[in-house]
Amino acid sequence: MKRFLFCSLLAFAINAIAQDAEKDVSLNEVTVQGARKIQKVDGQWIYPTKQQIENSPNGYSLLAKLTLPHIRVDEAMNSITALTNLGTVQVRINDVIASQEDLQTLDMQGVDHIEFIDNPGVRYGEDIAYVINIKVKKATSGYVVGSQLTNTLTTINGNESFFGKVNHGLGELAFSYELDYRNFKGEEYDEQANYELESGDVTSIHRKSLSQQSKELSHKAQIIYSLCDSDYVFQAKLSGNRDIQPRRDYSEMTVNNVPYDEFSSWRNASPSLDLYYHQDFRRHQSLTANIVGTYTEKTGDVENNEGYAYQYSSKNQMYSLWNEAIYENQLKPFTLSCGLQFLQRYSRGIYSGDVNSTNDTHTSELYLFSQLKGQLGKFSYVGGLGVSRRYYRQGDITHNFWLFRPKLSISYPLADNLKLNYDFEIYQHVSQIVNTNDVSIKKNAMETILGNPDIRPNRVTSHQLKLSYSTPRLTSELQGYYRLNAHCNMEKYIRKDDHFYYIQTNADNDCRLFYIESYNQYDIILQKLSATVYGGIYRFFNFGDGYTHTYTSFNGGCSLQAYLGRFTLGTYADNGWNFMEGEHRGHQAPTWYFTCNYRLNDAFAIALYLQHPFCQHPLTNKTEIVSRYVQKDLSQHYRDYGNMLTLKLSWRLDRGRKYRDIHRTMNYNDNGTNVL
């Protein structure tokens, strides 16, 4: 069915635009026919076409049309996902970490180009696999107001946003407000578990949902004032989000046909203040300073009645202060960047009821980095070193770590259209707060989750070799990757008194990954029709404390984009992400969807998103546990995601808008919590 739909869309698009003439595209100092990508040592610069910008109501829509390698963009749900387990996606606007509100209210008329960095340097921090930096020109006059109303027609789900910006002289005042709501009732959960008891007998338990409901109602707001001249930028941002109603999840379950209930309710609030200053000196030097204060409060109630009544309440409060200073000097033949980041955080978690615990955690992090980026003959390079000191104290347990992160990327052109890249990196991975507290929480009648304050950072070493070929019509990449996590944080089940405790440790544990993958994008008709196909073979090795697990998987996908005047048609499909880490095999759900955008005029646009068509109950997650004592097969299906049809109405009114060169701004927000 998916092949038929792809072929139908392809035939329709070719028939509709076959007679359109192919046109040249002028890109500042580079003029090529159809090609809008400039290869860099750490990634590529992409210049969107006029049609892509005009037919994109916000940043999510634009990024979806670019079909970036290893990236899945869900326009309807406003999410961006990395289809690998190499790290997360960091989205920035003019070098700033962007929030969902920032992408929703992105000034599309000022978009210049997108920097897609698939080998982020030490500047971007740890656990970042990809960086998407959207470069937007600075508005100097006029105003813009608008709204985007997103509503799912087949279930209760929506996002309503309103925004405005006013520019006068050197100043700009901007605001935005968002209302999010959801009420899903169609989740189906099925779990078959086998537990090996100390006697050698095996207890089989079948858990299944009869009825489930998940709902939330929250809002977000932010106000920004910025003052910008030719050599400096000052920005102050006050933002906050709060749940109007607690986020509730309710399930009617059965365990071996015996009914029981599960319930959870959470309420969040998080205001923050962000102050930023950037100063240029002598044209080629600059200094950037940023300070952010954040307060987060999360309260909740949890009830799990499998076997017996189990209830607890929790309240977590966190205060954090984060600041960064960066010096940059654009010398010849390289650019020098160096700086520091500092974080001071205090969090307090109080559990009451069947979980009785109080956790006070003090954390401080100091990160120093220096990086060179330049060219030697035909070689382009980015080399840097990051050094961090991390202090952690919880009760009587104290840790103090010094961590080092060298990184080197080299690029060499083998021919006019052929380039070879090599990337090498060593860094230390630090476990999340939720894994390092000393709380124990019942998961079900047979299992309990244990925190482990003794988890240590582990060293990660990676090598990547990539061959890239590009022409005005074709972009093709062949990539090989190897990663070693030595003494890493891996899961383990402990059996005691016929009960099973899940904990994460890093004794003599190694986790290795190797893959080879190809990515190909071809403009069938320049600026009118493009196709993307990618796929690769992944091999996973997990050497844990008392076990060895290996797994081989194929991960891939394809997409098609057609630009037909005021219409933009798109289709996308992938098989999810299949992987193995520790003692579980994960199978993220395959995704396929169709999009149709129609631009009425410069002010109004309509978009339709059809997700998982011709499927009543699409799979959303599948997991296999292959522990010595515990074996599980878990699957989740969501009726509300089947044949999911979402309508987005966009309205925008602007007057007197003028733009000038791009300036960098910064943004940071600490929403960490130690709730397990």
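The values are calculated or read from the model by the stated rules, or taken from the named source; none is laboratory data. Source: prediction; values computed, not measured. A quick note on method: Cβ atoms are made from the backbone with ideal geometry, for glycine too, and the neighbour counts reach across all protein chains shown. These accessible areas exclude ligands, DNA and RNA; they are computed on the full protein's heavy atoms, side chains included. Shrake-Rupley method; radii C 1.70, N 1.55, O 1.52, S 1.80 Å.
Annotations for the structure displayed:
- Output for the range 427-444, where each listed residue is modelled with pLDDT of 75 or more, open to solvent by 30 Å² or more (accessible area, probe 1.4 Å) and not in a strand (DSSP E or B): 443
- Filter result for residue 470 (polar (S, T, N, Q) and open to solvent by less than 40 Å² (accessible area, probe 1.4 Å)): yes
- Qualifying residue in the range 255-277 (condition: under 25 Å from the mean Cα position of the chain (by Cα), open to solvent by less than 20 Å² (accessible area, probe 1.4 Å) and at pLDDT below 90): yes
- Looking across the range 611-648, just one residue is buried (at least 19 other Cβ atoms within 10 Å of the Cβ), within 26 Å of residue 152 (Cβ to Cβ) and among the hydrophobic types (A, V, I, L, M, F, W, C), and that is 644.
- One residue from 633, 602 being modelled with pLDDT under 90 and in contact with an Asp or Glu (Cβ under 9 Å, 6 or more places away or on another chain): 602
- Matching residues in the range 564-583 - criterion: being farther than 21 Å from residue 64 by Cα and open to solvent by less than 40 Å² (accessible area, probe 1.4 Å): 578, 579, 580, 582, 583
- Scanning the range 525-553 for residues that are out of contact with any Leu (no Cβ under 8 Å at 6 or more places or on another chain), open to solvent by 50 Å² or more (accessible area, probe 1.4 Å) and either more than 20 Å from residue 467 (Cα to Cα) or not in a strand (DSSP E or B) (or both) turns up 543, 545, 546, 548, 550, 552.
- Filtered residue count, the range 194-220, keeping only those that are more than 28 Å from residue 643 (Cβ to Cβ) and in contact with a Ser or Thr (Cβ under 7 Å, 6 or more places away or on another chain): 3
- Scope the range 136-192; condition within 30 Å of residue 634 (Cα to Cα), among the β-branched types (Val, Ile, Thr) and either open to solvent by 20 Å² or more (accessible area, probe 1.4 Å) or free of Cβ contacts under 8 Å to residues at least 24 places away in the same chain (or both); matching residues: 154, 155, 156
- Which numbered condition residue 415 fails, given (1) hydrophobic (A, V, I, L, M, F, W, C); (2) farther than 19 Å from residue 70 by Cα; (3) in contact with a strand residue (DSSP E or B) (Cβ under 8 Å, 6 or more places away or on another chain); (4) open to solvent by 30 Å² or more (accessible area, probe 1.4 Å): (3)
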